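These notes concern the structure reproduced below.
The numbers here are math on the coordinates, done by the rules we state, and not lab data. None of the values given here were measured: they were computed from a predicted structure. Every residue, glycine as well, gets a Cβ built from its backbone with ideal geometry; the counts of neighbours run over all protein chains shown.
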Amino acid sequence: GQNIDQPTEMTATEGAIVQINCTYQTSGFNGLFWYQQHAGEAPTFLSYNVLDGLEEKGRFSSFLSRSKGYSYLLLKELQMKDSASYLCAVRGLNTDKLIFGTGTRLQVFP
Amino acid sequence: DGGITQSPKYLFRKEGQNVTLSCEQNLNHDAMYWYRQDPGQGLRLIYYSQIVNDFQKGDIAEGYSVSREKKESFPLTVTSAQKNPTAFYLCASSIVGGGGNQPQHFGDGTRLSIL
């Protein structure tokens, strides 16, 4: 079967660092995407990993370990506007389709 | 500006009624997708299309229908056979076979409710 797991909710303080984990079990793997979605809005693309290691993009970084079926999204210097849901999605082999996790709702407090 | 436009933003359906959600893109993408989003369940794929005049069922196609007569347009009809249509519907598009870091791009969604 295919399964993607993320924590349902997380909270953090403005200025802090938070790590959102994603574990996956899929029949094939050809990349992992992270999206940000504010309530009632469109998901927006944050990052992509296909090889093991860390990809850094400003305050956001994403890590992948293919052997462990594991990724995390790291958010630094948290701001109130980072309060949103963060969606982990995996693309299988020979397809453009994505399988999405249930998303992690992050609340940032002052 | 290129993007994906969904309309309407809010839609209400009466019992026994079919309703159609619009999705238009000017990104020149070949692939288009429809997802349903329910609280606590993430995005689930309803239908997708990789080329004009062709489309495939996703994981939850029952009670829905689509058409792809133009590259830019991929309307979704929620039929009366869909007994629980209340959800947030998202349309997306992407390059076909682009691989790499080409993401799916999403519209702003349509929220459908039953009257």
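For segment B:100-115, enumerate the residues that are free of Cβ contacts under 8 Å to residues at least 24 places away in the same chain and facing another protein chain (nearest Cβ under 7 Å). If you could, list the steps in order and put the result at the bottom.
Let us first name the residues in segment B:100-115 that are free of Cβ contacts under 8 Å to residues at least 24 places away in the same chain, namely B:100-103.
Selection gives B:N101, B:P103.
What tally of residues in segment B:49-90 results from selecting those that are part of a strand (DSSP E or B), hydrophobic (A, V, I, L, M, F, W, C) and within 14 Å of chain A (Cβ to nearest Cβ)?
Here the count works out to 5.
May I ask you to list the residues in segment B:7-30 that are part of a strand (DSSP E or B) and either crowded, with 21+ Cβ neighbours inside 10 Å or away from chain A (no Cβ under 12 Å) (or both)?
Across segment B:7-30, the qualifying residues are B:S7, B:L11, B:F12, B:R13, B:V19, B:T20, B:L21, B:S22, B:C23, B:E24, B:Q25.
What number of residues within segment A:1-25 are closer than 20 Å to A:F63 by Cβ, touching a residue at least 60 places away in the same chain (Cβ under 8 Å) and outside any loop (DSSP other than H, G, I, E, B)?
Residues that pass the stated criteria total 8.
Under 14 Å from B:N101 (Cα atoms) and in contact with a Phe, Trp or Tyr (Cβ under 9 Å, 6 or more places away or on another chain): does that describe A:L54?
Criteria not met by A:L54.
Kindly provide the set of residues from segment B:42-57 that are farther than 18 Å from B:T20 by Cα and surrounded by 13 or more Cβ atoms within 10 Å (Cβ to Cβ), ordered by number.
B:G42, B:L43, B:R44, B:Q50, B:V52
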